[in-house]
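Peer 1: After the structure tokens below, expect a handful of questions from me.
The values are calculated or read from the model by the stated rules, or taken from the named source; none is laboratory data. All values derive from a computational prediction rather than experimental measurement. Heads up, the Cβs are rebuilt from the backbone with ideal geometry, glycines too, and the neighbour counts pull from every protein chain shown.
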Amino acid sequence: MLLFALDKSLSSEEGFAEVKACLTSPLAKLIVWALLSALLYHLVAGVRHLIMDMGVGESLEGGKLGSKIVIAVSAVVIVLAGVWIW
């Protein structure tokens, strides 16, 4: 969906206006926010795994703490993304 919108918005000025009008609806904003939320959570969890590859947090307690940190950081970043979109 987002790649199609990018292609259409870059094709012409009319296409950009159509995409802009479409993305101002609450449903479109919700869809974009949901997709962005999934990507942000995946990014934060990926950083956690990179840190674990360096040997930090490989114990059971470290893994539990790391997962709690990932959820907390993801929640903050997702809320910030929601504020940015809405």
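Peer 1: Could you please find all residues in the range 33-73 being under 9 Å from the mean Cα position of the chain (by Cα) and β-branched (Val, Ile, Thr)?
Peer 2: none
Peer 1: Here is a check on your reading of the model: is Ser25 farther than 19 Å from Leu6 by Cα and hydroxyl-bearing (Ser, Thr, Tyr)?
Peer 2: Values: farther than 19 Å from Leu6 by Cα: no; hydroxyl-bearing (Ser, Thr, Tyr): yes.
It is false that Ser25 is farther than 19 Å from Leu6 by Cα and hydroxyl-bearing (Ser, Thr, Tyr).
Peer 1: How many residues does the range 1-12 hold that are part of a helix (DSSP H, G or I), at pLDDT below 95 and either of a type in the set (Phe, Trp, Tyr) or loosely packed, with under 11 Cβ neighbours inside 10 Å (or both)?
Peer 2: Selection size over the range 1-12: 2.
Peer 1: Do you know which residues across the range 36-86 are part of a helix (DSSP H, G or I) and of a type in the set (Ser, Thr, Tyr)?
Peer 2: The answer is Ser37, Tyr41, Ser67, Ser74.
Peer 1: Restricting the range 19-55 to residues that are surrounded by 11 or more Cβ atoms within 10 Å (Cβ to Cβ) and of a type in the set (Ser, Thr, Tyr), which is farthest from Val79 (Cα to Cα)?
Peer 2: Tyr41
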